[in-house]
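Please read the structure below before turning to the comments.
The values are calculated or read from the model by the stated rules, or taken from the named source; none is laboratory data. These numbers were taken from a predicted model, which means no experiment stands behind them. Reconstructed Cβ throughout: ideal geometry from the backbone, glycine too, with neighbour counts over all protein chains shown. These area figures cover heavy atoms from the full protein model, side chains too; ligands, DNA and RNA do not enter into them. Shrake-Rupley method; radii C 1.70, N 1.55, O 1.52, S 1.80 Å.
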Amino acid sequence: MTTVQQLNTQFGIDKHLSFCEDVSGLIVAEISNPQATASLCLQGAHLMAWQPRSQSVPVVWLSRDAKLAAGKSIRGGVPVCWPWFGAHAAESGFPAHGFARTMPWRVIESGKEPNGATRLTLRLEENEKTRVQWPHDARLELTVIVGETLRMELSTENTGESDFVISEALHTYFKISDIGAVRVSGLAGCDYWDKVGGSALNKQDGAISFASETDRVYINTATECSIEDDRLGRRIRIAKSGSLSTVVWTPWTAKAERMGDLGQPDGWREMLCVESANAIENIVRIAAGTRHTMVVEYCTEPL
Ligand code: TA6
């Protein structure tokens, strides 16, 4: 296990990137550069926070009840859902959204971008535990580039002899003023599976606003979308490549109470998940010896 000191020696960037140990014993990378601040837990390569210096309010939301614990997922930030999204197709005992977000990842590279942003790359090494749940030879890497824009590149390399299929998501929790004051634009006309209102296939009519639990998987769409927040006077633009699904989710009152870690009593009102994914019809077949990369880029602008 690499120690904090070894990480700071090998990958630290003076004043911009440092590693520290959380009270849970998990290691966290802290990023602070002239453009933005961010934090990322090495377990799950889980980005927990991102706030451009132009923003008085974080863009990525973290539950005030979020707890770091070995082997446990963190509520908020950007969970990496891989090598499956949602429930496992056959094994109900396997973790929802795959195992990548609760496994230890290794830092493999860091650096400063020409524009002053901070870059960090982590790799998930397969092990006997992952092989029990997913018996394939694969290398998973996440590169995050933290600046006024947040770019995340999730790359799956098939290092084995046979093809395999994945579903995946960057399950991003965005900070909003209030769920009743925002809408998601850009998905008009897209087909979606409604996970709340039965499994019918629907077509999005106009922008998405929220008045109850919403859990939709928009399929066959590579389009950019945005969260428009009238109260904060800001638009969060969500661009992507290598992704054909977009998931939009708010738990609303009852599910939030059942989950119990969204910040009682109504922390859930201040978050909205818009997840860039490959799910359901958009699962990805990766041939032996090839690589698939999904990229997201988030930025903000006045509304
Ligand atoms: O992406 C939406 C969703 O699948 C919801 O159904 C809800 O379960 C959410 O993910 C959170 O899942 P988690 O396993 O992190 O509690």
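Listed values for the range 271-282 are Karplus-derived 3J(HN,Hα) couplings in whole Hz (6.51 cos²θ - 1.76 cosθ + 1.60, θ = phi - 60°), namely 9, 8, 8, 10, 10, 8, 8, 9, 9, 6, 5, 9, and x replaces Gly and Pro. Here the 3J(HN,Hα) profile of the range 153-160, calculated from phi with Karplus coefficients 6.51, -1.76 and 1.60 at θ = phi - 60°, is 10, 9, 10, 10, 10, 8, 9, x Hz, Gly and Pro shown as x.
Is the shape of the range 142-296 best called rounded, prolate or oblate, per the rule: a/c under 1.5 gives rounded, else a/b larger than b/c gives prolate, else oblate, with a ≥ b ≥ c the square roots of the Cα gyration tensor eigenvalues? The shape class here is prolate. For the range 185-275, the extents of the C-alpha atoms along the principal axes are 35, 34, 24 Å, listed from largest to smallest.
The stretch between residue 89 and residue 54, if pulled fully straight at 0.36 nm per residue, gains 8.4 nm over its current Cα-Cα span.
Placing R0 at 25 angstrom, the Cβ-Cβ distance between residue 109 and residue 178 gives a FRET efficiency of 0.05 after rounding to 0.05. With all protein chains kept in place, the per residue accessible area of the range 1-103 amounts to 45 square angstrom at a probe of 1.4 angstrom.
Could you tally the net charge around residue 177, taking each other residue with its Cβ under 14 Å from the Cβ of residue 177, Lys/Arg +1 and Asp/Glu -1?
Local net charge: 0.
Pairs of C-alpha atoms in the chain farther apart than 38 Å represent 8 percent of all such pairs. Within a straight-line Cα-Cα reach of under 24 Å, residue 112 can be paired with the following lysines, leaving aside sequence neighbours fewer than 8 residues apart in one chain: 15, 240.
Solvent-accessible area of the range 145-265 (1.4 angstrom probe, protein heavy atoms only): carbon and sulfur portion equals 45 percent.
The string of couplings for the range 226-235 from the Karplus curve (6.51, -1.76, 1.60, θ = phi - 60°) is 8, 9, 9, 10, 4, 5, 7, x, 9, 10 Hz, one whole number per residue in order, with x for Gly and Pro.
Taking all protein chains into account, the per residue accessible area for the range 246-298 stands at 39 Å² (1.4 Å probe). The amide H of residue 303, built 1.01 Å from its N in the peptide plane, has 234, 235 as neighbours under 5 Å, considering only residues 5 or more places off or on other chains. Taking each DSSP H run with n ≥ 4 as -39500 (n - 2.57) and averaging over every residue of the chain yields -2000 deg cm²/dmol at 222 nm. Which of rounded, prolate or oblate describes the range 57-171 when judged by the alpha-carbon gyration tensor and an a/c cut-off of 1.5? Taking the square roots of the gyration eigenvalues as a ≥ b ≥ c, the range 57-171 is oblate.
By its C-alpha gyration tensor, with a ≥ b ≥ c as the square roots of the eigenvalues, how is the range 143-199 shaped: rounded for a/c under 1.5, else prolate for a/b larger than b/c, else oblate? Cα axes put the range 143-199 in the oblate bin. Rank 127, 210, 186 by how far each Cα sits towards the positive end of the charge dipole of the chain (+1 on Lys, Arg Cβ; -1 on Asp, Glu Cβ) and give me just the farthest. With unit charges placed on the Cβ atoms, the residue in question is 210.
Over the range 137-240, give the accessible area per residue in Å² for a 1.4 Å probe, as an integer.
37
Against the empirical 2.2 N^0.38 Å (N residues), the range 1-68 has a Cα radius of gyration ratio of 1.14.
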